[in-house]
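The values are calculated or read from the model by the stated rules, or taken from the named source; none is laboratory data. Every value quoted in this text rests on a predicted model; they were computed, and no experiment measured them. Cβ: placed from backbone, ideal geometry, glycine included. Neighbour counts: every protein chain shown. Just the protein is used for accessible areas: all its heavy atoms, side chains included, with ligands, DNA and RNA removed. Shrake-Rupley method; radii C 1.70, N 1.55, O 1.52, S 1.80 Å.
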Amino acid sequence: MSYSRKIRIEYYQVVIAPQESGLGSREKLYDLEKLILKADHLTLEERTYEYYQEEARLDKIKYNSVDRYWYLNFIRLRQTKIPSKAKRNVEAEPLALLDDEFIGEEVTAVYDISNHILALQRNRDSLSATALEGYLSRLLDSDNQEIRLCPIAPLDISERLGKAKIFRKLSMKFANIPISPFKGDPNSSFGQLLDYFRGCSAVTATVTISVGHTKKGSLDNEAIQETLDIALDNRGLISGAEVNVKDSEIDPIDTIDLFSMKSHDFITIKLEKLETIKFEEIAEEIHVKYNKSKGILLRALNS
């Protein structure tokens, strides 16, 4: 039996910078391939470093010579919060680990050598971008420099929304409803929705509208564009907003986060029960998605 999982991919540019401010030098683009090759010549144990009370390492490395990308699989190794295993007719029992065994929480990245861009899977149970900065800096082993992953700021959101022809779904999260002012017509449909929330004494709310499971069709373009403009004018009252769009019926769905400060994409991975997905499969999906977004990312870096 298979099921699908949606994975967020965030984009960073890799730089090297002084560990302390005021050293006279600024951030410079850094070729991460140097550290990848260094790690590849170390044993797994030699490239395993402490991560708080746990450990982390660059676990698997693969090179794609066609586009000159490195596929990287980082892993957080833990021996705490060990899950249990169970059978239908047998009580659950904890997994028993040996002293040299760990639970591995993986995260996959694709590194573009030519543009110093790292496309990183986000996995809250594994290593964050900040944690990877620390790991890579340990691998760098410098007394005065460190590796930083600089988020690539997205291009103007309105430009991406303006290109969209099909709106499949809109989700909005509201916060501090009783005390947040509303910038807009209080008699509009949006204003009446807020009156309804306040009438319920709601502090927070989430609203999702969509075309359902049909594979074709769109929400009303004009109405959604107007709603998105209102959302952008009401940051604070609206704490989050995502819209699923398509440029045409044959294009894949693109998820736009209206308030994101990081360029990102989403990929969908098909998983099978009782099986662990191979890191190469995630890396290939990231590769394909990154190639589609590369032009926009380079424009964002040059803007």
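Brief remarks follow.
- Among (1) farther than 30 Å from I256 by Cβ; (2) modelled with pLDDT of 70 or more; (3) within 21 Å of the chain's Cα centre (by Cα), the one test that G104 misses: (2)
- For region 29-43, the condition of being over 25 Å from V288 (Cα atoms), surrounded by 13 or more Cβ atoms within 10 Å (Cβ to Cβ) and at pLDDT below 90 holds for none of the residues.
For (1) farther than 18 Å from A164 by Cβ; (2) not charged (D, E, K, R), each residue gets a yes or a no:
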site	(1), (2)
S188	yes, yes
D195	yes, no
C200	yes, yes
V207	yes, yes
K215	no, no
L228	no, yes
R235	yes, no
I238	yes, yes
E242	no, no
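- Residue ID - farthest from P181 (Cα to Cα), chosen from residues in region 224-239 that are open to solvent by 20 Å² or more (accessible area, probe 1.4 Å), outside any loop (DSSP other than H, G, I, E, B) and of a type outside the set (K, R): Q225
- Look at region 40-59: where a residue is at positive phi and free of Cβ contacts under 8 Å to residues at least 40 places away in the same chain, no partner that is of a type in the set (K, R) and in a strand (DSSP E or B) sits 6+ places away or on another chain with Cβ atoms under 8 Å.
- Only one of the numbered conditions (1) within 27 Å of S263 (Cα to Cα); (2) modelled with pLDDT under 85; (3) open to solvent by 90 Å² or more (accessible area, probe 1.4 Å); (4) not in a loop (DSSP other than H, G, I, E, B) is not met by S21, and that is (4).
- Residue within region 133-145 that is over 30 Å from L58 (Cα atoms) and open to solvent by less than 90 Å² (accessible area, probe 1.4 Å) present: no
- Contacts under 9 angstrom Cβ, first residue in region 289-303 being hydroxyl-bearing (S, T, Y) and outside any helix (DSSP H, G or I), partner open to solvent by less than 50 Å² (accessible area, probe 1.4 Å) and at pLDDT below 90, 6 or more apart: S303/L155
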